[in-house]
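Worksheet for the structure shown next.
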Amino acid sequence: MLKFAILIASSVLVILFGVGSSAVPSLPTPPAQTEAMSLVSLPVSIFASHLPTSVVEEEAELPCLKPYRGNGMEGFVDNLGRLQGEWEFVYEDETRIICSYVDNEEQGMKYFFRADGSKKCESLMVLGERGGIFRKYDRNGMLELEGQYSPETYDKVGIWRWYTENGRLFMVKDYDCDGAVTYLDLDTQ
């Protein structure tokens, strides 16, 4: 994919500026209106006849991203209507969520903010579901709770810790893969 992007970028230089290189094949001159278009919207078909077949087949994997802003949402949508990249959702009560999408599925860290701007919690998202670290914060930014969710079952797994408002650990639970909970003695932690 990276070689494809570099080849396209090099080819665009050849088309737009007439710069030649023995590594970059000469390409047909695109229609005049193409020169005024952004590089993101240049049609890959201009370059397709000069690319190896395996690269041309990947053309469908290169979405054309368009910004979207409205109804309390802001982010990017590809040419297939799928959410891509970082998105921000703002609700009527002024709470916000910031998360990333890959092909309409939430991927990576998801952040929840209160109306006052303080972070409420963060969670790792895998294929649109919680699947990893989870942390919850109080209004002053102090950690209240941390643990992990199973990416397979989306259940709590492993060690979960609860903290007082001054940051002191006060409860620890160990969740096994069957859902059984063991309360751990804080004196031995």
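The values are calculated or read from the model by the stated rules, or taken from the named source; none is laboratory data. These numbers were taken from a predicted model, which means no experiment stands behind them. All Cβ positions, even for glycine, are placed from backbone atoms using ideal geometry, and neighbour counts span all protein chains on display.
Exactly one residue out of Phe134, Phe89, Phe112 is over 23 Å from Met171 (Cβ atoms) and among the aromatic types (Phe, Trp, Tyr), and it is Phe89.
Counting only residues that are in a loop (DSSP other than H, G, I, E, B) and among the aliphatic types (A, V, I, L, M), how many does the stretch 108-128 have? Total satisfying the criteria: 2. Out of Gly70, Gly85, one residue alone is out of contact with any strand residue (DSSP E or B) (no Cβ under 6 Å at 6 or more places or on another chain), surrounded by fewer than 17 Cβ atoms within 10 Å (Cβ to Cβ) and free of Cβ contacts under 8 Å to residues at least 24 places away in the same chain. It is Gly70. For the stretch 165-172, check the following and say yes or no: at least one residue is in the same structural domain as Cys121 (by TED's automatic domain parsing), touching an Asp or Glu at 6+ places or on another chain (Cβ under 8 Å), surrounded by 15 or more Cβ atoms within 10 Å (Cβ to Cβ) and outside any strand (DSSP E or B). Within the stretch 165-172, not a single residue is in the same structural domain as Cys121 (by TED's automatic domain parsing), touching an Asp or Glu at 6+ places or on another chain (Cβ under 8 Å), surrounded by 15 or more Cβ atoms within 10 Å (Cβ to Cβ) and outside any strand (DSSP E or B). With respect to the stated conditions, Cys99 fails to be over 30 Å from Asp185 (Cα atoms), in contact with a helix residue (DSSP H, G or I) (Cβ under 7 Å, 6 or more places away or on another chain) and either of a type outside the set (A, V, I, L, M) or outside any strand (DSSP E or B) (or both).
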